[in-house]
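Trainee: My questions all concern the structure below.
The values are calculated or read from the model by the stated rules, or taken from the named source; none is laboratory data. Since we're looking at a predicted model, the values are computed, not measured. Don't worry about glycine lacking a Cβ; one is built from the backbone with ideal geometry, like all the others, and counts go over all protein chains shown. For the accessible areas, the whole protein counts, side chains as well, though only heavy atoms, and no ligand, DNA or RNA atoms are used. Shrake-Rupley method; radii C 1.70, N 1.55, O 1.52, S 1.80 Å.
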Amino acid sequence: MKTLIIVSHPEIDESGSQQYLKEALPNSSDITFHHLESTYPEGKIDIEQEQQLLQQHDRIIFQFPLYWYASPPMLKHWQDEVLTENFAYGFGGNKLKDKELGLVLVIGMPEKEYQVSGNEGYTLSALTTPYQAMAKKTQMNFLKPFLIFQFHYMEESEKMRMLIAYQQYLMIENFDTLRAKESWFLQQLDDMDEKFLPDGSQFILDQIKELIEDNRMELDEIQMYLEQAGGSL
């Protein structure tokens, strides 16, 4: 699976959250980082190039800070220019059909405020309705958004957990399932270069892998019993 991250931020070099996410990207040819404002500083978009990029990837991610309940203007301009009739929809269109559309939103307010009873008065599901509608019109599969609340107030341990979840959001299919996360973790452990690890680390890594695999066997057994009883896990 190939993932295209379309980032919109007018001052990305000054953004601690965006720089953190950029540095967290895996070194993989399957992930393309594409910052609109630096690619098109004059705002003139190469429509053909952008449409080719979209067709070359399977999962499309819009990544941006939430400004007044919407994206920075460059992303809206990109949508207007690139998602044309007969390409994204309409007769002879549907070039994006069955691709995935995800959102990575950096949000300055606490999560509790984005409730009907919160200060903002609307949920983020309601505020992202235009992107859900865009996915429907282009016949893309809309993914559950990846939400980052108050990045600058996060502890380092919170940032590390967020980083792992972010990489999973970019890289793995069915990213929100336990089985997919387990498989991803096992692959990451297998890919670690032992020469960069302290002495004795391989034993610890093997123990972690064994624990994950044992837990999966137990969960599969529980699932089997539940299915026999007419339930599911």
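Trainee: How about the stretch 15-37: which of its residues are more than 23 Å from residue 108 (Cα to Cα) and either of a type in the set (S, T, N, Q) or in contact with a Pro (Cβ under 6 Å, 6 or more places away or on another chain) (or both)?
Mentor: 27, 28, 29, 32
Trainee: Another question, if that's okay. Where residues in the stretch 109-148 are modelled with pLDDT of 95 or more and among the β-branched types (Val, Ile, Thr), which of them is nearest to residue 99 (Cα to Cα)?
Mentor: My answer is 138.
Trainee: Pick from 144, 159, 112, 95: which is part of a loop (DSSP other than H, G, I, E, B), of a type outside the set (A, V, I, L, M, F, W, C) and closer than 27 Å to residue 24 by Cα?
Mentor: 144
Trainee: Residue 117 - would you say it is open to solvent by 30 Å² or more (accessible area, probe 1.4 Å) and either outside any loop (DSSP other than H, G, I, E, B) or in contact (Cβ under 8 Å) with a residue 40 or more places away in the chain (or both)?
Mentor: no
Trainee: Still on this structure: Which members of the stretch 107-135 meet the condition of being within 23 Å of residue 167 (Cα to Cα) and in contact with a Leu (Cβ under 7 Å, 6 or more places away or on another chain)?
Mentor: 107, 124, 128, 131, 135
Trainee: I would also like to ask the following. If you go through the stretch 23-39 one residue at a time, how many are open to solvent by 30 Å² or more (accessible area, probe 1.4 Å), of a type outside the set (Asp, Glu) and at pLDDT 95 or above?
Mentor: 4
Trainee: A further question follows. What are the pairs with Cβ atoms under 8 angstrom where one residue, in the stretch 97-113, is open to solvent by 30 Å² or more (accessible area, probe 1.4 Å) and the other, located anywhere, is β-branched (Val, Ile, Thr)? Sequence gap at least six, or different chains.
Mentor: From the stretch 97-113, the pairs are 97/138; 100/60.
Trainee: Going through the stretch 128-139 one residue at a time, which ones are open to solvent by 20 Å² or more (accessible area, probe 1.4 Å), hydrophobic (A, V, I, L, M, F, W, C) and touching a strand residue (DSSP E or B) at 6+ places or on another chain (Cβ under 8 Å)?
Mentor: If the condition is that a residue be open to solvent by 20 Å² or more (accessible area, probe 1.4 Å), hydrophobic (A, V, I, L, M, F, W, C) and touching a strand residue (DSSP E or B) at 6+ places or on another chain (Cβ under 8 Å), then 134 is the only one that fits.
Trainee: Take residue 51 and decide whether it is farther than 15 Å from residue 82 by Cβ and surrounded by 16 or more Cβ atoms within 10 Å (Cβ to Cβ).
Mentor: Against the criterion (farther than 15 Å from residue 82 by Cβ and surrounded by 16 or more Cβ atoms within 10 Å (Cβ to Cβ)), residue 51 does not qualify.
Trainee: What's the number of the condition residue 91 fails, among (1) more than 23 Å from residue 159 (Cβ to Cβ); (2) modelled with pLDDT of 95 or more?
Mentor: (2)
Trainee: What number of residues within the stretch 5-21 are out of contact with any helix residue (DSSP H, G or I) (no Cβ under 6 Å at 6 or more places or on another chain) and crowded, with 16+ Cβ neighbours inside 10 Å?
Mentor: Final tally of qualifying residues: 6.
Trainee: What is the residue count in the stretch 73-92 for residues that are of a type in the set (A, V, I, L, M, F, W, C) and not in a helix (DSSP H, G or I)?
Mentor: Number of matching residues: 4.
Trainee: Restricting the search to the stretch 78-96, which residues are open to solvent by 80 Å² or more (accessible area, probe 1.4 Å) and touching a residue at least 40 places away in the same chain (Cβ under 8 Å)?
Mentor: Of everything in the stretch 78-96, just one residue is open to solvent by 80 Å² or more (accessible area, probe 1.4 Å) and touching a residue at least 40 places away in the same chain (Cβ under 8 Å), namely 95.
Trainee: Let me ask something else about it. Would you kindly identify the helices (runs of 4 or more DSSP H) lying entirely within the stretch 2-72 that contain at least 1 residues that are over 24 Å from residue 157 (Cα atoms) and of a type in the set (Val, Ile, Thr)?
Mentor: The qualifying helices (runs of 4 or more DSSP H) are 36-39, 47-55.
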